[in-house]
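Enquirer: I'd like to ask some things about the structure below.
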Amino acid sequence: MFHRSLASRFCISIVVSLLLLSSCLGGQSTPSSLAIRHSPSSSKAPLSPNSLKEYLIYSFVDGPSADSENERIRLHLGMILSSADVQEYGGAYTGVEFWRAKMSDIQRVAFMSANPKAQVYENTQFLYHEGLSFSQNMNLNSSEPDHFPSQMLNETNEGTDLGAGPIFEPDAPADLKVVSWAPRAPLGKTNSYAYNPENGRQAIIYIIENGIDGRNREFLWPPQDWLFAPGVRKTETDDDPLSHGSCVASKATGSMNGVSKTTRLVVVKSSLNLVDIAWAFQQIVNSVAKQKSNRVVVLLAATTRTAWQSEMFQDARISRLYLRMENLINLGAVVVVPSGNHARRNRIVDTVPAVFASPAKIPGRPALPLIVAGTVDNQGAEASWSQTSPAAMIWAPGVKVACTKRGWRFRPTETGTSFSAGMVAGLAAYFLGTKNPPFALGAKDTSRNLIEYFQTSASWARRPGERKVIWNRLDGRMVPLSNASIVPLSTWNASTY
């Protein structure tokens, strides 16, 4: 590749633009003739990195014409960009998903003129975390960076069989004890978190975050798998300055703070930028399709910021996210999302993806059976800022909940529907991962059946007139030398509470 002056490069870009525009408008130049007239040595002069922006390109042609449209996009991208500036992403289940391309403004205009059916978006931040606070600490009177419940020290690290009986954690944080606060137990009398370590073993949680602190003993067992989006460092680390991912993951599967302590975690390390989120979902969809498992939970603890309008579904970024979530549900996976922290703006959910679960919100499309998580405090009172939904919702603690964060010697406490979603995802995996789940598994019915089970058998109102809050069907009141505190799954009907 020889060097040209800036003026020369500019002229070449103009020529490419005009030729591509001519092909689009029905001029005499055809794609094949364009390919002949523009050799790599004459049409792909390097541009200054400062003049390039990163874009995501969707093909919005379905059916028999999709292959020819994809080929057209490949051809035009290949004519105006070097191979280093464009990548194609897809998989066996989704097919071609999108292209990631670095282009100048002139190249972008030329491409869009030649491909009017494609949608082109700059790679900017697409989603935002639903955490409200990153402040308070809870001293555990421990000099260890990562305090560990005594019952789990050896068993968790070694991954040994813990047996079928429940484990009681008297030093569990208060928000976790709420999960095993059984009906008829008085306020403040649930002095432990009770759980069965056999539950959750056969499930997998995919969490889309900018990493977790995998070196923390919270996450030593089971070991995680990692997938890396294009825009992140390929390191098994928590790269979020606020450590949102470590906190949310610890509420789902953490050995100290988590609901389902034996569930395997797949960390889909991703920024909140458009390309990474699109990549994350196409990767998970293709992975779940290959696994053919009905015991998968996908946790996305983030939302858009813009209030929902029905015309937003014409935006390929929104409609493609809906499609991939629909794919996951049809494959038998469960998708957990936060309701959002914007009740002071609108009491009803008004952000993506939670709005996908609301009837009549998506033009011409059915509401998705997403598990939408709302927030209560540790006494079961609904948080004033937590949004609600006309669809069925699952409520969990999310006010000053204890979690794990990178480099902390104490448990920080966090607030937001993100952390409620983490706990709900953990309990979903806890039930899905049992040897014989208490509800039917089967393709798209799995999510609906789990929601119904939550509503009727695995939640109850801790206070009269308040929301029904998640319950793992065990009683956290410790009864020494006795199994009397175990509540069999068939004993209680939470729908009466």
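Enquirer: Do you know which of the residues in segment 269-290 that are part of a loop (DSSP other than H, G, I, E, B) and small (Gly, Ala, Ser) is farthest from Gly95 (Cα to Cα)? Even if it seems obvious, please write down each step before you answer.
Expert: Keep residues of segment 269-290 that are part of a loop (DSSP other than H, G, I, E, B), which gives 270-272.
Next, only the ones that are small (Gly, Ala, Ser) stay: 270-271.
On the way: Ser270: 21, Ser271: 23 Å.
Only one residue fits best here, namely Ser271.
Enquirer: Also, quick follow-up: Filter segment 315-350 for residues that are of a type in the set (S, T, N, Q) and in contact (Cβ under 8 Å) with a residue 24 or more places away in the chain and give the result.
Expert: So the first thing to find is which residues in segment 315-350 are of a type in the set (S, T, N, Q), and the list is 319, 327, 330, 339, 341, 346.
Result: Asn327, Asn330, Ser339, Asn341, Asn346.
Enquirer: Follow-up. Being at pLDDT below 95, within 26 Å of the chain's Cα centre (by Cα) and closer than 25 Å to Phe281 by Cβ narrows it down to one of Ala101, Ala66, Ala92, so name that one. Outline the logic, then answer.
Expert: Details: Ala101 fails: at pLDDT below 95; Ala66 fails: within 26 Å of the chain's Cα centre (by Cα).
It is Ala92.
Enquirer: If you go through segment 305-315 one residue at a time, do you hit one that is within 18 Å of the chain's Cα centre (by Cα) and modelled with pLDDT of 95 or more?
Expert: Restricting attention to segment 305-315, the residues satisfying the condition of being within 18 Å of the chain's Cα centre (by Cα) are 305.
Among the residues that remain, those that are also modelled with pLDDT of 95 or more are: none.
The answer is no; no qualifying residue exists.
Enquirer: I'd like the full set of residues that are without any contact (Cβ under 8 Å) to a residue 40 or more places away in the chain, part of a loop (DSSP other than H, G, I, E, B) and closer than 22 Å to Ala421 by Cβ, limited to segment 438-472.
Expert: Across segment 438-472, the qualifying residues are Phe439, Ala458.
Enquirer: Which residues, taken from segment 290-314, are within 18 Å of Leu272 (Cβ to Cβ) and in contact (Cβ under 8 Å) with a residue 60 or more places away in the chain?
Expert: Matches in segment 290-314: Val298, Leu299, Leu300, Ala301, Ala302, Thr303, Thr304, Arg305.
Enquirer: State all residues of segment 250-275 that are farther than 30 Å from Thr124 by Cβ and hydrophobic (A, V, I, L, M, F, W, C); if no residue qualifies, say none.
Expert: In the first step, residues of segment 250-275 are kept if they are farther than 30 Å from Thr124 by Cβ; the result is 253-264.
Correct list: Met256, Val259.
Enquirer: Of (1) farther than 22 Å from Lys405 by Cα; (2) in contact with a strand residue (DSSP E or B) (Cβ under 8 Å, 6 or more places away or on another chain), Gly214 satisfies all except one. Which?
Expert: With respect to (1) farther than 22 Å from Lys405 by Cα; (2) in contact with a strand residue (DSSP E or B) (Cβ under 8 Å, 6 or more places away or on another chain), Gly214 is out only on (1).
Enquirer: Tally the residues that are buried (at least 21 other Cβ atoms within 10 Å of the Cβ), outside any strand (DSSP E or B) and not small (Gly, Ala, Ser), restricting the search to segment 379-397.
Expert: 1
Enquirer: Take segment 288-316 and flag every residue that is crowded, with 20+ Cβ neighbours inside 10 Å and not hydrophobic (A, V, I, L, M, F, W, C).
Expert: First, the residues of segment 288-316 that are crowded, with 20+ Cβ neighbours inside 10 Å: 288, 294-304, 308, 316.
Listed by number, the residues that qualify are Asn294, Arg295, Thr303, Thr304.
Enquirer: Anything in segment 88-99 that is touching a strand residue (DSSP E or B) at 6+ places or on another chain (Cβ under 8 Å) and surrounded by fewer than 15 Cβ atoms within 10 Å (Cβ to Cβ)? List them, or say none.
Expert: Going residue by residue through segment 88-99, those that are touching a strand residue (DSSP E or B) at 6+ places or on another chain (Cβ under 8 Å) are 88-91, 96-99.
Matches in segment 88-99: Gly90 only.
Enquirer: Still on this structure: Quick check: anything in segment 344-355 within 14 Å of the chain's Cα centre (by Cα), on the phi < 0 side of the Ramachandran plot and outside any helix (DSSP H, G or I)?
Expert: Start the filter on segment 344-355 by keeping residues that are within 14 Å of the chain's Cα centre (by Cα), which leaves 352-354.
Subset that is on the phi < 0 side of the Ramachandran plot: 352-354.
Right, trim to outside any helix (DSSP H, G or I) and you get 352-353.
So far as segment 344-355 goes, yes, one or more of its residues are within 14 Å of the chain's Cα centre (by Cα), on the phi < 0 side of the Ramachandran plot and outside any helix (DSSP H, G or I).
Enquirer: Would you mind stating whether Gly332 is at pLDDT 95 or above and not aliphatic (A, V, I, L, M)? It would help to see each step written out before you state the result.
Expert: Numbers: at pLDDT 95 or above: yes; not aliphatic (A, V, I, L, M): yes.
Here the answer is yes, as Gly332 does meet what is asked.
Enquirer: Another question, then. Given the conditions (1) part of a helix (DSSP H, G or I); (2) at pLDDT below 95; (3) under 30 Å from Asp276 (Cα atoms), which single one is not true for Gln107?
Expert: Of (1) part of a helix (DSSP H, G or I); (2) at pLDDT below 95; (3) under 30 Å from Asp276 (Cα atoms), only one is false for Gln107: (2).
Enquirer: Mind telling me which of the residues Ala203, Ala249, Ala229 ends up being assigned by TED's automatic domain parsing to the domain that holds Ala302, free of Cβ contacts under 8 Å to residues at least 60 places away in the same chain, surrounded by 20 or more Cβ atoms within 10 Å (Cβ to Cβ) and under 19 Å from Val298 (Cα atoms)? Outline the logic, then answer.
Expert: Values: Ala203 fails: free of Cβ contacts under 8 Å to residues at least 60 places away in the same chain; Ala249 fails: free of Cβ contacts under 8 Å to residues at least 60 places away in the same chain.
When all the criteria are applied, what remains is Ala229.
Enquirer: Of the residues that sit in segment 73-87 and are surrounded by fewer than 19 Cβ atoms within 10 Å (Cβ to Cβ) and over 31 Å from the mean Cα position of the chain (by Cα), which one is modelled with the lowest pLDDT?
Expert: Per the criteria, the residue is Ser82.
The values are calculated or read from the model by the stated rules, or taken from the named source; none is laboratory data. Since the structure is predicted, the reported quantities are computational estimates derived from the model, not experimental observations. Every residue, glycine among them, receives a Cβ derived from its backbone with ideal geometry; neighbour counts consider all protein chains shown.
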